Structure formats: C-alpha cells, structure tokens
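Reading through the structure tokens given below for one structure.
The values are calculated or read from the model by the stated rules, or taken from the named source; none is laboratory data. Remember, predicted model here, so these are calculated numbers, not experimental data. Using ideal geometry, Cβ is built from the backbone for each residue, glycine included, and neighbour counts are taken over all protein chains shown. Heads up: the accessible areas ignore ligands, DNA and RNA and are worked out on the full protein's heavy atoms, side chains in. Shrake-Rupley method; radii C 1.70, N 1.55, O 1.52, S 1.80 Å.
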Amino acid sequence: MATATRKKTTRKKTTRKKTTTRRAKTDKKVYYFGPSKTDGDGSMKQLLGGKGANLAEMTDIGLPVPPGFTVTTETCADYYKVGGKLPAGLMDEVRENMKRMERDTGKKFGSDSDPLLVSVRSGAAASMPGMMDTVLNLGLTDKSLDGLQSATGKTRFALDAYRRLINMFGDVVMGVDHHAFEDEFDRIKKKHNAATDNDLGVEGMEELVDAYKKVYKKHTGEQFPQDPYVQLEKSLEAVFKSWNTPRAIRYRQINEITGLQGTAVNIQTMVFGNMGDDSGTGVAFTRDPSTGKNEFYGEFLINAQGEDVVAGIRTPKPVKEMPRWDRRSYDQLIKIKTKLEKHYKDVQDLEFTIERKKLYILQTRNGKRTGPAAVKIACDMVKERLIDQKTAVLRVPPNDLNQLLLPSLDPKAKRDVIAEGLPASPGAAVGKLAFTAAEAADRTQDGEKVLLVRRETSPEDIDGMHAAQGILTSTGGMTSHAAVVARGWGKPCVAGAGAIHIDEKKRKITVNGRTFTAKDTLTLDGGTGQVLAGEIATIEPKLSGDFATLMKWADRMRTLKVRTNADTPEDSQRARDFGAEGIGLCRTEHMFFEGSRIKAMREMIVAETEAARRKALDKLLPYQREDFIGIFTAMKGLPVTVRLLDPPLHEFLPHDAKAQQDLAKTLGIKPAKLKQRVAELHEMNPMLGHRGCRLAVTYPEILEMQVRAIVEAAMACQKKKVQAKPEIMIPLVGTAEELDLLRGLAEQTIASVKKEHKHKGRLDISIGTMIEIPRAALTADDIAEHADFFSFGTNDLTQLTFGYSRDDVGTFLGDYLAKELLPKDPFQSLDATGVGQLVAMGCEKGRKTKKDLKLGICGEHGGDPSSVEFCHKVGLDYVSCSPFRVPIARLAAAQAAVRNSK
Ligand code: PEP
Ligand code: MG
C-alpha cells in the first residue's frame, strides 16, 4: 500500500485542484483517502474533523493508513438543519466511495468470500475523546461471516467480530441496553466453564452470536440487518446523533468548545489487532505527555482491538516491551514517530494496529499533554530547531500554567503509601472517597473535596471527574479514558492501581488488608502514581528551568504589562515573584475587617456627626498607613493603584440580633440605636446604591483619611529610601462632575498633608478612576478631563451592562450556558460583543481627550486568556489579575501580541 500511496503523491496537486472546483459546484459531502486518491488534507479540520483531516494527511505523506473516506461536518450540520434526516444524495456519494475502497483493498462489502469490513467513527474539529459513537466490524452479515471465516481461516475470530458488531450496533445505533448483551455473555461463559471472554471456544461463540441476535430482535422488534448498506446508513446517522447527546454537549461546555458545526464521520477499512498472537493494537505518544520527556511512549495489547486499550478493560504493556514481541513493527513505529513530528512539528498521539505482523496507523492527532509537559516540549522543540520561539510561546495554553504554579507533595513529608498505580496525570490531590461520578459531583457541590475512585471511567463520568480533586482507577493504563481526560484538564490521576479492590455498593475500598470508606481522606500523587493514606503536606512550586525560559521569551514578545490585584504585602510579594509589574487594584475595604480595625470601622459607620466620624477615622488612619507602607515596600518602586472605599457600609455591620446586641455593648450605644442605624443603611439594591464614589460624596472625611494614609505612607517609604509610586483610584464614577469634585478633594488633601509634614521632595501621585458604569464608558471623553488613568472594572461593568446581579447570577447562568444562550460565563470571560464595545469606546473616547491616558483593566477578566487578547487588541496598557494568574496573563499577552502582529 505504501508504494501505491507514494506514487499517487505526485498526482496529488491535480487531484486536489479538481476536488476544490468540484466542491464549489456540487456540494461535495464525502472526501476519500487511499492509494488511488486523497481528496482532503490536514488543513481541512473544520470540514473533515481532526481525525478525517489527519487520515488524509497521513495517507498523503506515505504512512500505512487503511483506506477510507470522511463524511463532512457540514453534512452533519445539514442533517440537523433538515430536522434529523440524512441529506439527499449522501448515500449515493457514500456508495460511490465504498466502490473505490473495494477497488483499493481488493475486497467487497458484504461478500461471501473476502468481505470488506469498515469502522464508522466520529471526529469533530476539536478532539472529544470517547464522547461520540463508534461502530466497528460493520459489513458482517450471516453471508459475509462465512466469507471472513474462509478468507482468514479463523472461525472463532470471525464469530467474535460478528458478536461484537451485533453488540455495538445494538447498543450504539439501536439503543439496546448493553447489559442485555453482557448478561447473555455471562450466561454462556458459565455454561461453557469459560473464566474469561477469551476462554470461550468456537461452539460457545456460535451460541453467543445466536443469543445476541435474539437480544437484538427482542429489544428492537427487528432482525439484525443483513444488508450491509442498511448497517452503514444507520450507523452514520447514529454518529450524527451522538454529536448532540447530553454528555457530548456537557463535554463541549466544560472544555469551552464552541463554534463547530457538527461531527464528521470516518468510514475506514477495518484492520484487526485480534487475529491472534501475531496481531495487536496500541496507542502511543511521540513524547511522554505527562513529563514532556522526548521518549516514545505508549502501550499495546497483543491480540486485542483498539477499544480494549482506551476502555481500560485490560492493563496494557508499555511500548518499550514491544521489540521482544515484534521488533520490525517497533522499528517501523520509531521511524514513523520522527516522520510525524517533523511533519506536524508537534507531539503526536497515534493509534496503531498490527494485523498479522503488518503495521497500520489508524489515527494521529496533536497529543494532549499536561502543563509541565507542554512547557518542556515547547522548549525542547526550539532546541531541536523544530519550531521557533514564537511557536513555542503559542504552544502552551496559558491556563495550563496553573499546573506548574500549584503546590506539589513535600518530598520530606511522611508517606503512608497504600498502593501504587501509574502516574497518569501529575499533581497532588487530596480528598475523601467518592464512588460514582454523580456522588463526586454532588459532594463537590456541597463544598467537600473528593477523589473519584472507579475501576475504570467512561465518558458518562465526565461531570464527576471534572468536579473531583483527582481520579483513581484500579484498572486501565496511561492511555485509558481516565488518564487521557485527566491529563487534558491537568487534573491529578493515578490509573491502574490494581491492588485496590473497589466495592462500589458498600462504598469502600480494600487494599492489602486495609479498608477506606467515603469518610476517609487519601492523597494521590499523580507524578509518581502513589496512593497515600491521609493528607500529605505540600510545597510551593519552583519557577525556574524551562518555565523561566518560556516566560522570558513571552515577556520579550508582549506589549501589554501585567499587574496584580493585591491588598496585603504577602500577596504583593507573591505576585512580584510571579512577575507582576505593579498593583492594578488594591481594594482598601479588605483592610478594614481584621481585629480592632473592624471596631473602629463600625464606630465610624454608626457615628451620628461628622466629628464623631472623624474621631473613628483617626483610629483607622494608622492601620491604613501601615498597610500601605507594607505594600509599597513589597512593590519596591512599582506602581500601586489604591482604590478608595467601595462597598456599601452595611457590609461592615452584623445583621443578626445577637451580634448586634454584642456590638452595641462594645460600642457603648443602645441596641435600639444600632438596630435603627442598620435599618437606615438597608437598601433594596445595595449593588446599585450608596457605594463607590457616592460614599465620598456623602462622607468626604473618609476619602480624606484614606488619601492622607496613602501620602503619609509614601513619605515614610521615601525616608527609608523605598520609592513608592501610589496611584489613587476613585471607584464607580458615572459622571465627570463626580470625578471633578473628588479629584479636587484628593488634591487638596495631598497638598495639605505635604504642607503639614513640610515635605520638600517630589511625590508624584496620579489620580484616576475606574470605568465600571456604562455611563462612564459612554462619557469617557468628559471623564478623562479629570483622570490621569482609567481602569476598567469589568466585574461591575458586566453586571450593569447585562443587568445580571454578579452575586446572584448562579441561579440561572447554568441554564443559559446549557441552552447556549451565552457562549461562556461573562463574569469569567469578557463579553467582547457587548461589554467589550463599552471598553473599546471608553479607550477611544478617553484617549481622544488625553492622548497618553493610561488604560488598564482590573476586573476578574484581567487573568482570562481570551479577555487578555481582547485587552491587547483595544490597546490597553496593562491588565491586572490575582497573583496566581500573573504568569497566565503574561503568556496570554505574549500570545495575543504574536497572533495579532502584522
Ligand atoms: C470591578 O468591578 O471590576 C472591580 C474590579 O471592582 P470590584 O470587583 O471590587 O467591584
Ligand atoms: Mg467594581
């Protein structure tokens, strides 16, 4: 086949040209790949799905791919457009391509001498492992069963293939409960004294095929179809339908896969890894997807079908052991590894099958990898000159850096190892045991931290897998469902810990004589595969090596600065360690909650006169000043944006009667008086009420105290030779007049404090505002007259633009996402279409008034990669985010710069 394929490569260009012209005219639905021609190529992922595009591409570069064809994703979209019917003409095109496959393989679909059998598999543009349907061995009927027996000389194998088809077709296409088949299998195995599936002989297999046909008839009311084209048509439709099953929809939601039109369907010549001990099947990565090490990495099973590896039913052997079994195929695979990486310039995850010592490649795709592996592979590939630095920076999904920033298990901590499995996905996870996916999801929702413990996982489990802290399985290998999905999410996973016996019904595990129940805590070390009793201490990550190299490249490429949201010296220091270039939001209200500060704060709130308020504020001043000194010192000359008091005052008062009584006593006032003050502060919509700059309008003395604290702290730092660069930020401004008034007051305060302290030197304190009310964005040109900088408060801006209360959105957001009324949670990822317009307008109008107005963002979106890209595009100077997201924002900013450079 390889020769035929290579010969064809020279004709490739003309074939493809013809195809493109024809496609425009005839609405081509099917793309062929095989030795006689290849219609598609690797760039056509949107139309052919990732799998289809890569099958075409692999055929093209001369790899041993069994011939087949791909039905396009557009056809799937058409299927839904016409209310769930296969589009007209589709089956004619399918038949035409089946004929070509028959010519290319020399076999015939449904034949009674050497039948062509096919697999029917889904394959969308984004990988969704195991989420959609697959049917194998299609084309087997009573007639072609004879053909398969005589062509292979293997009666048991042929019967096994037939029973697998009836089972899969029944389950996947016709919705027969798979337990109905399994019960029959168990009954017949028992009857024939067969301990495992493989122990069942020819006679038993014959009985099994009959029994399966009966199950099929009983549950569907029809005979198992004896026309292979009926099998094909129904399977094709089943794959289209599987695009919209709840689990597939949920998977797309969790992984934020949007904008796809449907799944493609790949129909491909079957090759068999279960034809005896000279056959096998495996899954491999061109590099280790857990650590990134440049080592061919994978697993195989002798005499098995591919599904057996992924489903985790049998624990496979590492590919390193393959040469002892079939050196030729192994050597061929190693050559293919290099060829694939050179061609795709990325790590590949491939599926292979060896049928009677002949190697076939069934699939390749970019390998999912953990965050640490992504960083290492990107750096190594630059060293190997496979990719350049820009590509390396683009290769690492910014959110995956999280995995490098999280603590890992302290190597010095005492470990009580109860079992060892495979290190399927690194990281440390601690939790109590949950035995089903539903339990894991429910208990997590109730605030518990759980580990999902299963024999193996399946696509139905994804909700619980996603909710759990980590995943532990007792069977399955490094490429089992649990391992692949967990790695994709960067969730710790230990797979195939065979010593653990799981009793799902009694909700306990036993391992080497010890028992652990749902109430017990275990720790998983996904980096070593150890399962440990209790909770083990963790250590902070080291930010050196490849991580530092990649971040250095990223910093050179980005134009956006990255600041942090921090309001303690510790957070400020951590953010600096993570590379923050300043503080973009220091929320001062957080400083009023601790110890005796809250008492003074409450005294201020209940005060009835300005004099009493000022007295209480005088008590707060030293605290506030010390806080600022600490933060300015930690930031060593980097800018610090201090936001003046923002929340409604009722947030600082207790609301239950007992706490109010206690407080009244502490403050030395009558309980009734306090109750009355609390009632006065009550608002129907506090988020739209007396908060932000409105507080300073009513109580200018609060602003005066805060500004004084900032100025005095800056002067104190200067004395200690610490350069302080405070910026005063006035929140929730909606009119230019508000800012004009409050800026004036802040400037007066700065001047009088300087005078009072006879301060001579420079003290540059800029004054700006948050843009977080739509009106502020709409009138940004007027507001800019009074501002040295704008910082977009996109939390409030989103709340006020959508009219969704940011504190209550949880009540309905889930429904909106499930019904795809919103693509993403707009409080996490900036709504570029709506809220984004206000941000863009704010920037444009602000800079029209002041050309070099400094612009930033300090809402939660500042740490979200797609929002960071938006910020880059509208020309902000910086984003500000929580300390742990600083490296993520740095990388996202670099990616935005690379992607959007001319
Ligand atoms: C905002 O509204 O985006 C913001 C940063 O302020 P806060 O979250 O404190 O309201
Ligand atoms: Mg706000």
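In the range 418-465, what residues are without any contact (Cβ under 8 Å) to a residue 40 or more places away in the chain and closer than 27 Å to LYS542 by Cα? Selection gives LYS449, VAL450. Taking the range 733-828 and the helices (runs of 4 or more DSSP H) fully enclosed by it, the elements with 1 or more residues that are more than 16 Å from ligand 2 (Cβ to nearest atom) are at 736-756, 774-778, 780-784, 810-818. Applying the set (1) in a helix (DSSP H, G or I); (2) over 16 Å from PRO639 (Cβ atoms); (3) open to solvent by 20 Å² or more (accessible area, probe 1.4 Å) to MET715 leaves exactly one unmet item: (3). Hey, does the range 655-668 have a residue that's surrounded by 15 or more Cβ atoms within 10 Å (Cβ to Cβ) and not in a helix (DSSP H, G or I)? The answer is no, given that none of the residues of the range 655-668 is surrounded by 15 or more Cβ atoms within 10 Å (Cβ to Cβ) and not in a helix (DSSP H, G or I). Answer yes or no: is there a residue in the range 839-855 that is out of contact with any Cys (no Cβ under 9 Å at 6 or more places or on another chain), modelled with pLDDT under 95 and of a type in the set (Gly, Ala, Ser). No, every residue in the range 839-855 fails to be out of contact with any Cys (no Cβ under 9 Å at 6 or more places or on another chain), modelled with pLDDT under 95 and of a type in the set (Gly, Ala, Ser).
Show me the helices (runs of 4 or more DSSP H) found entirely inside the range 198-259 where at least 1 residues are in contact with a His (Cβ under 7 Å, 6 or more places away or on another chain).
Values: elements: 202-220, 228-242, 246-254.
Helices (runs of 4 or more DSSP H) meeting the threshold: 202-220, 246-254.
Scanning the range 315-333 turns up at least one residue that is in contact with a helix residue (DSSP H, G or I) (Cβ under 6 Å, 6 or more places away or on another chain), open to solvent by 10 Å² or more (accessible area, probe 1.4 Å) and free of Cβ contacts under 8 Å to residues at least 60 places away in the same chain. Picking from residues in the range 492-504 that are of a type outside the set (Val, Ile, Thr) and open to solvent by less than 10 Å² (accessible area, probe 1.4 Å), the one that is nearest to the chain's Cα centre (by Cα) is CYS493.
Only one of the numbered conditions (1) closer than 16 Å to PRO228 by Cα; (2) touching a residue at least 60 places away in the same chain (Cβ under 8 Å) is violated by VAL65, and that is (1).
Might you let me know whether the range 876-886 holds any residue that is assigned to a helix (DSSP H, G or I), in contact (Cβ under 8 Å) with a residue 24 or more places away in the chain and within 16 Å of ligand 2 (Cβ to nearest atom)? No, there is no match, as no residue in the range 876-886 is assigned to a helix (DSSP H, G or I), in contact (Cβ under 8 Å) with a residue 24 or more places away in the chain and within 16 Å of ligand 2 (Cβ to nearest atom). Of the residues making up the range 596-618, those that are open to solvent by 60 Å² or more (accessible area, probe 1.4 Å) and modelled with pLDDT under 95 are SER596, LYS599, GLU608, THR609. Restricting the search to helices (runs of 4 or more DSSP H) fully inside the range 298-400 and requiring at least 2 residues that are closer than 22 Å to GLY42 by Cβ gives 323-344, 371-383, 389-395. For the range 830-838, check the following and say yes or no: at least one residue is touching a helix residue (DSSP H, G or I) at 6+ places or on another chain (Cβ under 6 Å), within 28 Å of GLY579 (Cα to Cα) and within 16 Å of ligand 2 (Cβ to nearest atom). Yes: one or more hits. The condition of being open to solvent by 30 Å² or more (accessible area, probe 1.4 Å) and in contact (Cβ under 8 Å) with a residue 60 or more places away in the chain holds for only one of GLN231, GLN253, that being GLN253. ASP646 fulfils the conditions (1) within 16 Å of ligand 1 (Cβ to nearest atom); (2) of a type outside the set (S, T, N, Q); (3) free of Cβ contacts under 8 Å to residues at least 40 places away in the same chain; (4) not in a helix (DSSP H, G or I) except for a single criterion, (3).
Within the range 775-788, the residues that satisfy the criterion of being surrounded by fewer than 24 Cβ atoms within 10 Å (Cβ to Cβ) and either away from ligand 1 (no atom under 15 Å from the Cβ) or within 18 Å of CYS871 (Cβ to Cβ) (or both) are LEU778, THR779, ASP781, ASP782, GLU785, HIS786, ASP788.
Taking residues in the range 796-807 that are assigned by TED's automatic domain parsing to the domain that holds THR833 and closer than 13 Å to LEU688 by Cβ, and partners anywhere that are open to solvent by 60 Å² or more (accessible area, probe 1.4 Å) and within 13 Å of ligand 2 (Cβ to nearest atom), the pairs with Cβ atoms closer than 9 Å and at least 6 places apart or on different chains are ASP796/ARG806; GLN799/ARG806; GLN799/ASP807; LEU800/LEU688.
Suppose we keep only residues that are farther than 19 Å from SER766 by Cβ and of a type in the set (Gly, Ala, Ser) within the range 573-592. Which one would you say is farthest from ligand 1 (Cβ to nearest atom)?
GLY579
Entry remark, the range 789-838: residues being within 19 Å of the chain's Cα centre (by Cα) and within 16 Å of ligand 1 (Cβ to nearest atom) number 7 in total.
Residue count for the range 797-816, restricted to those that are exposed (fewer than 15 other Cβ atoms within 10 Å of the Cβ) and of a type outside the set (Phe, Trp, Tyr): 8. Count, please, the residues in the range 846-862 that happen to be within 16 Å of ligand 2 (Cβ to nearest atom), open to solvent by less than 30 Å² (accessible area, probe 1.4 Å) and in a helix (DSSP H, G or I). Matching residues across the range 846-862 total 2.
Please find, within the range 27-36, the residue that is farthest from VAL65 (Cα to Cα) out of those that are of a type outside the set (Val, Ile, Thr) and crowded, with 19+ Cβ neighbours inside 10 Å. Please lay out each step first, then the result.
At the first step, the residues of the range 27-36 found to be of a type outside the set (Val, Ile, Thr) are 27-29, 31-36.
From what's left, crowded, with 19+ Cβ neighbours inside 10 Å: 29, 31-35.
Values: LYS29: 21, TYR31: 15, TYR32: 12, PHE33: 9, GLY34: 8, PRO35: 9 Å.
Looking at the filtered set, the residue picked out is LYS29.
Take the conditions assigned to a strand (DSSP E or B) and closer than 24 Å to ILE462 by Cβ and apply them to VAL531. Does it pass? Taking the combined requirement at face value, the residue satisfies it. Looking across the range 505-542 at every residue that is surrounded by 15 or more Cβ atoms within 10 Å (Cβ to Cβ) and on the phi > 0 side of the Ramachandran plot, the one that is modelled with the highest pLDDT is identified as ARG507.
Say we look at the range 402-423 and pick out the residues that are part of a helix (DSSP H, G or I) and in contact with a Phe, Trp or Tyr (Cβ under 8 Å, 6 or more places away or on another chain); which of these is most open to solvent (accessible area, probe 1.4 Å)?
Here is the first cut: in the range 402-423, the ones part of a helix (DSSP H, G or I) are 402-405.
Of the ones still in play, those that are also in contact with a Phe, Trp or Tyr (Cβ under 8 Å, 6 or more places away or on another chain) are 402, 404-405.
Working: ASN402: 50, LEU404: 32, LEU405: 0 Å².
Of everything passing the filter in the range 402-423, ASN402 is most open to solvent (accessible area, probe 1.4 Å).
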